1. Taking segment 149-174, which residues are surrounded by fewer than 18 Cβ atoms within 10 Å (Cβ to Cβ) and closer than 17 Å to residue 36 by Cα?
2. Regarding residue 81, is this residue among the aliphatic types (A, V, I, L, M), surrounded by fewer than 17 Cβ atoms within 10 Å (Cβ to Cβ) and more than 10 Å from the chain's Cα centre (by Cα)?
3. Which one of these is within 14 Å of residue 78 (Cβ to Cβ) and of a type in the set (Gly, Ala, Ser): 145, 183?
4. Can you find even one residue in segment 96-103 that is free of Cβ contacts under 8 Å to residues at least 24 places away in the same chain and among the aliphatic types (A, V, I, L, M)?
5. Looking for something outside the structural domain of residue 49 (by TED's automatic domain parsing), part of a strand (DSSP E or B), farther than 24 Å from residue 55 by Cβ and under 13 Å from the mean Cα position of the chain (by Cα) - is there at least one such residue anywhere in segment 149-162?
6. Taking the condition of being surrounded by 18 or more Cβ atoms within 10 Å (Cβ to Cβ) and either closer than 11 Å to residue 141 by Cβ or free of Cβ contacts under 8 Å to residues at least 12 places away in the same chain (or both), how many residues in segment 33-42 meet it?
7. Note down all Cβ pairs under 7 Å where the first residue falls in segment 177-194 and is surrounded by fewer than 18 Cβ atoms within 10 Å (Cβ to Cβ), the second is modelled with pLDDT under 95 and not β-branched (Val, Ile, Thr), and they're at least six residues apart or on different chains.
8. How many of the residues making up segment 84-94 are touching a helix residue (DSSP H, G or I) at 6+ places or on another chain (Cβ under 9 Å) and either closer than 12 Å to residue 128 by Cα or surrounded by fewer than 19 Cβ atoms within 10 Å (Cβ to Cβ) (or both)?
Amino acid sequence: MRHPLSRLAPCSALAAAALVFLTPFSAPALADPVTPDAAAPLLFAHDRVEVARYTLEGLSEDEREIIIGIAQEQPYYAAMAFAPDQGILAEPTVFAANYHSRETAHAAALAQCNALRTGGRPCTLALEVRPAGWEARALHLSADATEEFGGDFRRAPAPRAFAISEQTAAWGTGAGDAAAETALEACAEAGATDCRVVIAD
C-alpha cells in the first residue's frame with residue numbers, strides 16, 4: 001500500500017535543502033520592469049532550497065522525516081497545507097509548488113486543501129519551501145522561471161521580456177520587437193489573467 005503522502009510527487013528534484021525556522025517578512029514591491037543585468041543579482045539559485053517549518057506537532061519522527069523529505073524535493077516557492085481535524089496524512093494535505101512568491105504558494109496550498117477538506121477547522125500551513133539563503137528582495141521568480149532566466153532568456157538577443165503572474169505559477173518570455181507582447185501572451189496562455197512584465201531590455 002502506498003504511503004498517503006506518496007501522491008505528493010515533486011515537480012522536480014532539487015540539489016540541496018536546509019531546514020530553518022520561519023520568520024515574518026515584508027517584501028519590497030517591484031514597481032517597474034528591471035533589466036536582465038539588474039535582475040540577475042536579485043534572483044536565487046534555482047536548484048537549492050530551504051524548508052521553513054510552521055508546525056508539525058502530533059507527528060511521529062518517521063512522519064516528520066517523510067514530510068521534510070518530500071518538501072526538500074519541491075521547487076520553490078512551495079507550501080504545504082493540511083486540515084487540522086483530519087490530520088496531516090489525510091486527503092486534504094497538499095503541496096502547492098513552483099510559484100513566484102511565498103504568499104502565492106501559501107494561498108494556493110490553503111485553497112486546494114480547503115477544497116478537499118470535509119468539515120472541521122480550516123486548513124493551516126505546515127511548512128514552506130523557499131530558495132536557500134532566502135531574504136526579501138524586489139524580484140522573486142519560481143524555480144522553473146529562474147532556471148529559464150539563467151538559460152535561454154539570458155542567451156537570447158535583446159530586446160527581451162519576461163512576464164509573470166503574481167497570482168498563479170504562470171510565466172512567459174519573448175524576444176524581438178514584440179518581446180513584451182509575446183511574453184504576456186505566453187504567460188496568459190498558461191491560464192493567468194494578471195500577467196505583467198517584470199524584466200525587459
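The values are calculated or read from the model by the stated rules, or taken from the named source; none is laboratory data. What you see is a predicted model; the values in this text were computed from it and never measured. So basically every Cβ, Gly included, is an ideal-geometry build from the backbone, and we count neighbours across all protein chains shown.
1. 150, 151, 152, 154, 155, 156, 157, 158, 159
2. No: the conditions fail for residue 81.
3. Details: 183 fails: within 14 Å of residue 78 (Cβ to Cβ).
Sole residue among the options that is within 14 Å of residue 78 (Cβ to Cβ) and of a type in the set (Gly, Ala, Ser): 145.
4. Checked against the condition, which is being free of Cβ contacts under 8 Å to residues at least 24 places away in the same chain and among the aliphatic types (A, V, I, L, M), segment 96-103 yields at least one hit.
5. no
6. Residues that pass the stated criteria total 1.
7. Qualifying pairs under 7 Å: 194/166; 194/167.
8. Number satisfying all stated conditions: 4.
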